[in-house]
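Beneath this line is the structure, given in structure tokens, with notes to follow.
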Amino acid sequence: MFQIRTDLAVEAREIYNEGKEQEISGVEIEKEETDDYKIVRIKILDKTGEEKLNKKIGNYTTIECSALKRADQDLKDNISKVLAKELKAIISKKSHGKTLVVGLGNRNVTPDALGPKVVEKILVTRHFFKAYKKESDETMANVSSISPGVMGLTGMETSEIIKGIVEKTEPELIIAVDALASRNMKHISSTIQISDTGISPGSGVGNRRKPISEEYLGVPVIAIGIPTVVDAATLINDTIGLIIGEMKQQSEKGQQFYSLLEDLEENDKYNLIKEVLSPYMDNVMVTPKEVDDLINDLSQIISNGINISVHPGIDLKDVNRYLN
């Protein structure tokens with residue numbers, strides 16, 4: 001069976017719903033759309049929804065903005081505020097005072113450097129709270145951050161490193177940022193997903209590690225991610241699907257060639273792709289050529305959204321002035 005790789009709940013829903021008229025049981029959907037962006041809020045209610053979408057029970061909010069790939073400063077600021085608003089809505093449901101922001105990924109590999117880049121722009125304040133022996137402040141929250149690297153560089157599971165930090169610093173909320181994998185190029189660098197179910201580093205590229213979750217860490221985890229890569233086999237599979245659709249439109253129903261195209265099933269396409277790709281480029285991931293600039297822009301949007309949402313007295317004007 002062809003398993004399409006995706007970290008996005010909205011794509012998992014699209015895959016499951018293909019060819020179906022009814023909505024998935026155990027899943028609630030809410031949509032909001034403006035001229036600049038679209039928000040899809042997916043709530044997985046029970047085990048039925050969990051099994052069908054292969055996503056944990058919880059909330060998944062997706063902000064889609066195709067113009068992010070060529071965003072000017074005004075659009076970046078607007079999406080930062082939208083992200084902050086959605087993030088605040090999730091944070092408000094969690095009891096927190098001290099927040100730990102974790103930037104997942106490998107800073108030496110550009111498509112995987114989103115998390116470390118975000119951490120560079122986070123307004124950290126924990127050291128001030130400790131120096132002045134303060135428990136709270138009207139304008140600033142107690143925020144710390146870490147970019148733990150990847151297992152190939154540290155020899156340790158990322159979740160083990162974070163667990164040690166949690167035990168020592170005792171945060172009440174973790175915000176984890178990571179680059180994701182998508183099944184569709186239209187979502188690459190233009191879709192932000194927020195979830196309250198934690199995250200499994202590397203799962204989208206077939207390198208699943210121990211999850212960073214409330215169950216393991218004992219602290220609520222909010223995950224923020226943007227897809228930066230798509231599986232080459234999945235991309236080619238979708239492209240062949242489009243080609244077959246176009247060829248069917250050019251053929252007459254009832255002809256032998258039309259019937260051949262009609263009978264070409266998903267697994268047949270995937271087996272053909274696998275047979276062609278395996279000797280040359282097995283397990284290849286594809287990313288845009290301008291990924292360096294995209295990662296810089298997207299890390300600014302996410303860090304701005306986090307800073308605004310966790311610090312009660314900080315707004316967009318402040319973070320743009322001092323942190324970017």
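Throughout, read-outs are computed from the coordinates displayed, never taken from laboratory work. Computed from a predicted model, the values in this text were never measured in an experiment. FYI the Cβ positions are ideal-geometry reconstructions off the backbone, even for glycines, and counts take in every protein chain you see.
Values as computed for the structure displayed
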item	result
Distance in nm between pseudo-label sites at Glu135 and Asp46 (7 Å out along the Cβ direction from Cα)	4.3 nm
Two-site FRET efficiency, Glu14 against Arg70, from Cβ-Cβ distance with R₀ of 25 Å, rounded to 0.05	0.55
In order through segment 211-222: 3J(HN,Hα) via Karplus (6.51 cos²θ - 1.76 cosθ + 1.60), integer Hz, x for Gly, Pro	x, 9, 9, 5, 4, 7, 8, x, 9, x, 10, 9
Links that overshoot a 31 Å alpha carbon limit, given the list Lys52/Lys88; Lys133/Lys317; Lys134/Lys210; Lys52/Lys289	Lys134/Lys210; Lys52/Lys289
Long-range HN-HN contacts of Ser145 with modeled amide H, under 5 Å	Val101
Trypsin sites (Lys or Arg not before Pro) restricted to segment 132-196 and DSSP loop, no more than 14 other C-beta within 10 Å	Lys133, Lys134
In sequence order, calculated HN-Hα J values of segment 101-109 (Karplus, 6.51, -1.76, 1.60; Hz; x Gly/Pro)	9, 10, x, 7, x, 10, 5, 8, 10
Relative packing of 39-49, 135-145, 53-63, which averages over residues the other C-beta atoms within 10 Å, highest first	53-63, 39-49, 135-145
Ranked by how many other beta carbons lie within 10 Å on average, peptides 111-122, 310-321 from highest	111-122, 310-321
Total formal charge among the other residues, if their Cβ is under 12 angstrom from that of Ile39, Lys/Arg +1 and Asp/Glu -1	-2
Other-chain or far-sequence residues with amide H under 5 Å of Ala176's (modelled H)	Val102, Ile222, Ala223, Ile224
